[in-house]
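The values are calculated or read from the model by the stated rules, or taken from the named source; none is laboratory data. The model shown is predicted, which means the values in this text are computed figures rather than measured ones. Here the Cβ is made from the backbone with ideal geometry for all residues, glycine too, and neighbour counts use every protein chain on show. Accessible surface areas use protein heavy atoms only, side chains included; no ligands, DNA or RNA. Shrake-Rupley method; radii C 1.70, N 1.55, O 1.52, S 1.80 Å.
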Amino acid sequence: MRRKLVAGNWKMNGSLVANAALLAEIKAGLAVAACDIAICAPAPYFAQCQAELAGSAIAWGGQDVSAHAGGAYTGEVAVSMLQDFACRYVIVGHSERRAYHAESDGLVAQKALRALLAGVTPIVCVGETLVEREAGQTDAVVGRQLAAVLDVLDAADLARIVVAYEPVWAIGTGKTATPQMAQDVHLALRAMLAGKNPTAAVEVKILYGGSMKPDNAAELLAMPDIDGGLIGGAALKAVDFLAIVAAAR
């Protein structure tokens, strides 16, 4: 049975003072961690996360990584920089990166590969817009996005990725896919993974990233192919984040 993962995405939020308080609250409120937990913080706070979370049950990671190993790429974060701070995870292909920075499926795939080659687990995000869902294109869109990543991976590497389904229309809008709607997409994604490597597909965690909150987490996490959550706003409040972690047990 897949162990669930609850990963907080702080997005462009935080300060040294606020982060210290939030992490202290989360650690204090965390009893036995019955699921995997991660915090994906802005790059300037990697050192703080490492200092605050080392030795705890909480892993940490980045929100993006360059497809390049290094060089003249101003503002980019190389995977070696994530390694320097012992980051275990990195988000790639988040809907905000695709929308605001015009990241293509191919670029997302190269970022995922770059992370994997360095031993950092990529959380590969896929998801459709409201227009695409209403046009009945959900499976085609998420299928295209995932296929780009599968095309650059060896079958043996498949078990080393995490996939996150984030319906764009349900992020920060107050709308949430019903558990069955989310499950249907997760099942389709797992079928795609099985086409690459049937054995590994059973092991891959597929997270739901469409505004998971304390009041809907248990229902969503009860679905057989929802293996955790990629948490945005609720990750910035210790009580909410801990409630979702508790629901993942």
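Val6: within 27 Å of Asp227 (Cα to Cα), crowded, with 18+ Cβ neighbours inside 10 Å, β-branched (Val, Ile, Thr) and touching a Ser or Thr at 6+ places or on another chain (Cβ under 9 Å), yes or no?
Values: within 27 Å of Asp227 (Cα to Cα): yes; crowded, with 18+ Cβ neighbours inside 10 Å: yes; β-branched (Val, Ile, Thr): yes; touching a Ser or Thr at 6+ places or on another chain (Cβ under 9 Å): no.
Judged against the criteria, Val6 is not a match.
So, in region 80-97, how many residues would count as being aliphatic (A, V, I, L, M), open to solvent by 10 Å² or more (accessible area, probe 1.4 Å) and either in contact with a His (Cβ under 8 Å, 6 or more places away or on another chain) or not in a loop (DSSP other than H, G, I, E, B) (or both)? Let's see the steps before the verdict.
Here is the first cut: in region 80-97, the ones aliphatic (A, V, I, L, M) are 81-82, 86, 90-92.
Okay, now just the ones that are also open to solvent by 10 Å² or more (accessible area, probe 1.4 Å), so 81, 86.
If we keep only those that are either in contact with a His (Cβ under 8 Å, 6 or more places away or on another chain) or not in a loop (DSSP other than H, G, I, E, B) (or both) too, we end up with 81.
Qualifying residue count for the region: 1.
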Give just the number: which of (1) farther than 21 Å from Val6 by Cα; (2) assigned to a loop (DSSP other than H, G, I, E, B); (3) among the β-branched types (Val, Ile, Thr) does Val141 not satisfy?
(2)
Residues (touching a strand residue (DSSP E or B) at 6+ places or on another chain (Cβ under 8 Å) and free of Cβ contacts under 8 Å to residues at least 40 places away in the same chain) located in region 5-54
Leu23, Lys27, Ala41, Ala43, Cys49, Gln50, Leu53
Residue count, region 160-180 (criterion: open to solvent by 40 Å² or more (accessible area, probe 1.4 Å), modelled with pLDDT under 95 and in a helix (DSSP H, G or I))
1
So, in region 57-72, of the ones that are farther than 17 Å from Ala115 by Cα and open to solvent by 50 Å² or more (accessible area, probe 1.4 Å), which residue ends up modelled with the highest pLDDT?
Ala72
